[in-house]
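To keep things clear, I will list the structure first and then write my remarks on it.
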Amino acid sequence: MATLLANGNVIEMKVYFSCKSQLGINVFHFQVSSSAGTGITDQDVADGFDGSLVPYATPPLSQDAYYEGVGVQKVSPPPTVPVYAHANRTVGASATPVRPTQVSGIITKRSAFTGRANRGRIYFPFPATQSLDTDETPKAAYVTLIQAYADNIGALHSVSSAGGSANLTPIIVNRALDHLVVWVDSLARKRWATQRRRGDFGRVNVLPWVD
């Protein structure tokens, strides 16, 4: 059931990718900074991002992987049940096989403040073999693509509904949700990261909207 969002609410968005028996999940947070009319719901947010993410999520993604959709949940105050949007499932546009599934591109999320608590990371999943440069680092073209993905999500977003609208400010939060800062910019790194549990021997993962 959709939940109406109010100014100040913190929402969590998960972007889902799949490859073979594994999922890649990127987690982002936003705060409702203003609203007009009747406002928006969490389902409006999910539906809007599901369509708009495809041009940014699929270019760095191997042909063996898929962008699957998004989940959105109001996490503070208080948390609600997640809602999902997955009408725009799209195969990766990087036309070579996937690298080992635990390999990821890495992007740093930055705020206006120093210190680890004021930064975050994005592990972009399932890069293609053609993304590997001769020195075994990511090619510059791949770094540019994941930078564009992060820049798109890390911008101020205006979401509309039938009777209203709201602005969502991207933020960086800790797990306890008691420290949040505005996400100012991102830096895609020319290096690889790994997510061990995403490897071929990791537990099989199932999308949350699949029975």
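If D185 satisfies all but one of (1) modelled with pLDDT under 95; (2) under 15 Å from the mean Cα position of the chain (by Cα), what's the number of the condition it fails? Of everything listed in (1) modelled with pLDDT under 95; (2) under 15 Å from the mean Cα position of the chain (by Cα), D185 misses just condition (1). Here segment 72-103 is the region considered, the condition is being under 17 Å from the mean Cα position of the chain (by Cα) and surrounded by fewer than 17 Cβ atoms within 10 Å (Cβ to Cβ), and the residue that is modelled with the lowest pLDDT is V75. If we keep just the residues of segment 23-64 that are buried (at least 24 other Cβ atoms within 10 Å of the Cβ) and more than 15 Å from the chain's Cα centre (by Cα), which is farthest from V181 (Cα to Cα)? Only one residue fits best here, namely S62.
The set of residues from segment 183-211 being crowded, with 16+ Cβ neighbours inside 10 Å and in a strand (DSSP E or B) comprises S186, A188, R189, W192.
Of all residue pairs spaced 6 or more apart or on separate chains, those with beta-carbon atoms under 8 Å, a first member in segment 118-130 that is more than 21 Å from C19 (Cα to Cα) and a second member that is of a type outside the set (A, V, I, L, M, F, W, C) and assigned to a loop (DSSP other than H, G, I, E, B) are N118/S111; R119/S111. For segment 37-63, taking the residues that are in a helix (DSSP H, G or I) and of a type in the set (V, I, T), the one that is farthest from A166 (Cα to Cα) is identified as V54. Please verify whether E136 is touching a residue at least 60 places away in the same chain (Cβ under 8 Å), out of contact with any helix residue (DSSP H, G or I) (no Cβ under 7 Å at 6 or more places or on another chain) and of a type in the set (D, E), treating the condition exactly as stated. Considered against the rule, which asks whether it is touching a residue at least 60 places away in the same chain (Cβ under 8 Å), out of contact with any helix residue (DSSP H, G or I) (no Cβ under 7 Å at 6 or more places or on another chain) and of a type in the set (D, E), E136 comes out as no.
The values are calculated or read from the model by the stated rules, or taken from the named source; none is laboratory data. The shown structure was predicted, so the numbers you read here are calculated from the model rather than taken from an experiment. Positions of Cβ are generated from backbone atoms using ideal geometry, with glycine treated the same way; all protein chains shown enter the neighbour counts.
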